[in-house]
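Here's the structure we're looking at; comments come further down.
Readers should treat all values here as calculations from the given coordinates under stated rules, not as data from a laboratory. Predicted model, so just to flag it, every value in this text is computed and none were measured. Here the Cβ is made from the backbone with ideal geometry for all residues, glycine too, and neighbour counts use every protein chain on show.
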Amino acid sequence: MTLAGLNAALTDAKRRQHAARLAWRIAAERHPKGDPRIREALQRYKRAKAARQLIDRQIARLQAPKKVSPKGLAFLIAEEGFIPHAYNDPANHATFGVGHLLHLGPVTAADRAQWGSKAQPKPRALVERVLREDLANRFEPAVRDAVKKPLKQHQFDALVSLAFNIGTGGFRRSTVVKRLNAGDFRGAADAILMWDKPSILIPRRRRERELFLNGTYR
C-alpha cells in the first residue's frame, strides 16, 4: 500500500479505535462489573487499537530514511577527512577521497593517473559521488538491515557515520544495535561511546552521540 493509502487507512483506524473505546466506556457504565458485554466491548477496543498500531508501524517503515542526508554527508566528510586524490591510508593501502579503498598496498603511478595526485586533484563532485556509492552499496544497507526500529534522519546519519568508521560487521554485532532493537534509544546512544579505541576517536564518538540524540550536526 502507498503512503497516501496508509494515511487514509490510519484516519479510519483512529475513528474505529475512538468509537470502540467509547462503546467500551458506555458498556462499563451501563452493565454490572463482570458482565460479558463489558469484556466483549473491551476486546473490540483492543482489536481496534492493535489495527491502528499496525498501520502506524507500516507508515513508520515507509517514512524511515533510506540514505544519508546532505547534512549527514557533510558530517561524515568532516569526520573522515576529504582528500581529492590517491593517498596511502594509515595501513599503507591505496585510498581515495573519503576512505574509498582502491586496493591493498601503497599508491601506484597508475592510481595517481586515474585518481589524481596532490598536484592534480580530482573535483569534489567525483569524491562525493564515490562516497555516495560506497554508502549505498555497503553502509546504508547495513544500518537499514541491522536496525529494526524506526529511525529519524539524524539518527540514521549518526549510525552510518559510526558504521563507516567501525565497519559493517562491527556495527551489526554492536551493543548499539542490540539496544536499539530492544527499544532503548538512550542506551544505544551511550553505547556509541564504547567504540573509543584509539582514544583519538573519543571526540568523534561524542559528536556522533550528540547527532543521534539531538540532531546536532557539525
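Please compute the volume of the convex hull spanned by the alpha-carbon atoms of region 1-149 and report it per residue in Å³. If you can, show how the numbers build up before the last one.
Working: hull volume 24.6 nm³, N = 149.
So the per-residue Cα hull volume is 165 Å³.
What is the order of ASP12, ASP56, fewest Cβ neighbours within 10 Å to most?
Details: ASP12 12, ASP56 15.
Placing the least packed residue first, the sequence is ASP12, ASP56.
Give me the dipole magnitude in Debye, nearest 20, for region 3-63 about the Cα centre, with unit charges on the beta carbon: positive for Lys and Arg, negative for Asp and Glu.
Working: 16 positive and 5 negative charges, 24 e Å.
It comes to approximately 120 debye.
Okay, which of region 198-213 sit inside 19 Å, backbone N to the point 7 Å along the Cα-Cβ direction of ASP190?
Counting backbone N atoms under 19 Å from the label point, the list is 202-203, 205-213.
Working from Cα positions, state the angle (0 to 90°, nearest 10) between the long axis of helix 202-214 and the longest principal axis of the chain.
On a 0 to 90 degree scale, this one is about 30.
Could you compute the FRET efficiency for SER117 and ASP145, with r as their C-beta to C-beta distance and R0 at 41 Å, rounded to 0.05? Present the calculation step by step, with values, prior to reporting the outcome.
Numbers: r = 37 Å, r/R0 = 0.91.
Result of the calculation: an efficiency of 0.65.
Cut-off is 10 Å between beta-carbons; in what order do THR175, THR2 appear when sorted fewest neighbours first? The partial results should precede the final answer.
Values: THR175 15, THR2 8.
Taking fewest neighbouring Cβ atoms as first place, the list is THR2, THR175.
Which residue, ALA146, ALA163, ALA13, has the most motion in a Gaussian network model of the chain that connects Cα atoms within less than 10 Å?
Answer for the Gaussian network model of the chain: ALA13.
Let me spell out the model: positive unit charges on the Cβ of Lys and Arg, negative unit charges on the Cβ of Asp and Glu, origin at the Cα centre of the chain. What dipole size does that give, in debye rounded to 20? Let's see the in-between values first.
On the way: 42 positive and 20 negative charges, 284 e Å.
Dipole magnitude for the chain comes out near 1360 debye.
Once both labels are modelled 7 Å past Cα along the beta-carbon direction, what's the ARG218-ALA110 spacing in nm?
With each label point 7 Å from Cα toward Cβ, the separation is 3.4 nm.
For region 70-214, state what percent of all Cα-Cα pairs lands in each successive 10 Å bin, counting from 0 Å until the bin that includes the largest distance.
12, 39, 31, 15, 3, 0
Can you give me the long-range amide H partners of GLY97? Hydrogens built in the peptide plane at 1.01 Å from N, cutoff under 5 Å, separation of 5 or more residues or another chain.
Under 5 Å from the amide H of GLY97 lie the amide H atoms of ILE83, HIS85, each far enough along the sequence or on another chain.
For the chain, modelled as a GNM with alpha-carbon contacts under 10 angstrom, which of ARG15, ARG207, ARG138 fluctuates the most?
Among ARG15, ARG207, ARG138, the largest mean-square fluctuation in the Gaussian network model of the chain belongs to ARG15.
How much net charge surrounds VAL127 when only other residues with a Cβ under 12 Å from its Cβ are counted (Lys, Arg +1; Asp, Glu -1)? Don't skip to the answer; put the middle values down first.
Values: positive: LYS122, ARG124, ARG129, ARG132; negative: GLU80, GLU128, GLU133, ASP134.
After counting each charged neighbour, the total is 0.
Considering just Cα atoms, how many Å³ per residue does the convex hull of region 152-203 enclose? Present the calculation step by step, with values, prior to reporting the outcome.
Working: hull volume 3.9 nm³, N = 52.
Convex hull of Cα atoms, per residue: 75 Å³.
Compute the Rg to Rh ratio over region 3-63 from the alpha carbon atoms, using the Kirkwood formula for Rh, and round to two decimal places.
Here Rg/Rh amounts to 1.14.
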